[in-house]
Amino acid sequence: MILQKALLGMTFLSMPSAAFGQEARLLRHPSISDSSIVFTYANDVWVVGRDGGEALRLTSFQGSESNPHFSPDGSMVAFTGQYDGNTDVFVVPSEGGTPRRLTWHPGGDLVKGWTPDGEKIIFASGRTGVPIPFPKFWVVGMEGGMPEALPIPRINNGKYSNDMSKVAYQMVSPWETEFRNYRGGQVRPIWLLDMTTYDLTELPWEGSNDTDPVWIGDTIYFLSDRDFAVNIYAYDTAAKQLEQISSYL
């Protein structure tokens, strides 16, 4: 959840130096379960308790691993692996084990998370995009098989609601994320898609950078710089009301 991730940097800073060694830098791509944090460091996937301590390395292959995500029950970790010259979806037990490859397409498959029921892994792929491989979301089961595309023509980032009846998502993947208060063509609103009727709703938007939607109950939390500083906002889908949660300047 966004509120948990906002505190994640403080957790890393509080860990003993022995957890990563004196030269540990650039801990990236965190995902949180009830008891642990999984992240990438030096192109490998690591897991550590939420209270800190010694980190366990889950992968050690010479290829690069990124974007780890815990399953809803915390028992498995899905990640993107660049093995054998290709970028695919892999899964490994969170307590350690041999990673298992789930996708085999020659295009790049980037892990984005899990379905809320924990049965499938969500990944982004431009495998059917012609002539430009704009990404779509696909799902694949724990045992592999043929991936299925979500009925969204173009999506960069998004999350299912807990009952999987809706998806809150961003369409465009910005190429420049460090341009503060950018208001050009890369900015787009967050959209809400009903997976039964395919009705599309635009969340309240002011031409700002609105990113990283996540769900808690019927509320969508996301980041926005509409007040010219990035803050957390919450949109109640039942009441159709927007609330600013944080007030950083």
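General observations
- Among the residues of segment 83-123, those identified as open to solvent by less than 20 Å² (accessible area, probe 1.4 Å), in a strand (DSSP E or B) and of a type in the set (A, V, I, L, M) are V89, V91, V92, V111, I121, I122.
- Residue match in segment 63-70 (condition: within 16 Å of G141 (Cβ to Cβ) and either of a type outside the set (S, T, N, Q) or open to solvent by 30 Å² or more (accessible area, probe 1.4 Å) (or both)): yes
- Checked against the criterion of being of a type in the set (S, T, N, Q) and in contact with a Ser or Thr (Cβ under 7 Å, 6 or more places away or on another chain), segment 67-78 has at least one qualifying residue.
- Segment 229-249 residues that are closer than 10 Å to T219 by Cβ, paired with ones that are charged (D, E, K, R) and in a strand (DSSP E or B) (beta carbon under 6 Å, 6 or more apart): A234/E243
- Flag if T80 is over 18 Å from P116 (Cα atoms), part of a loop (DSSP other than H, G, I, E, B) and of a type outside the set (G, A, S): no
- Where a residue in segment 24-51 is among the acidic types (D, E) and its partner, wherever it lies, is in a strand (DSSP E or B) and buried (at least 17 other Cβ atoms within 10 Å of the Cβ), with Cβ under 8 Å and at least six apart: D44/E65
- Positions within segment 135-154 being among the basic types (K, R) and either more than 18 Å from T80 (Cβ to Cβ) or in contact with a helix residue (DSSP H, G or I) (Cβ under 8 Å, 6 or more places away or on another chain) (or both), in sequence order: R154
- Scanning segment 219-249 for residues that are within 18 Å of the chain's Cα centre (by Cα), open to solvent by 10 Å² or more (accessible area, probe 1.4 Å) and of a type outside the set (S, T, Y) turns up L223, I232.
The values are calculated or read from the model by the stated rules, or taken from the named source; none is laboratory data. The model shown is predicted, which means the values in this text are computed figures rather than measured ones. Here Cβ is always computed from backbone atoms with ideal geometry, including for glycine, and neighbour counts include all displayed protein chains. Areas reflect the complete protein model, heavy atoms only, side chains present, ligands, DNA and RNA absent. Shrake-Rupley method; radii C 1.70, N 1.55, O 1.52, S 1.80 Å.
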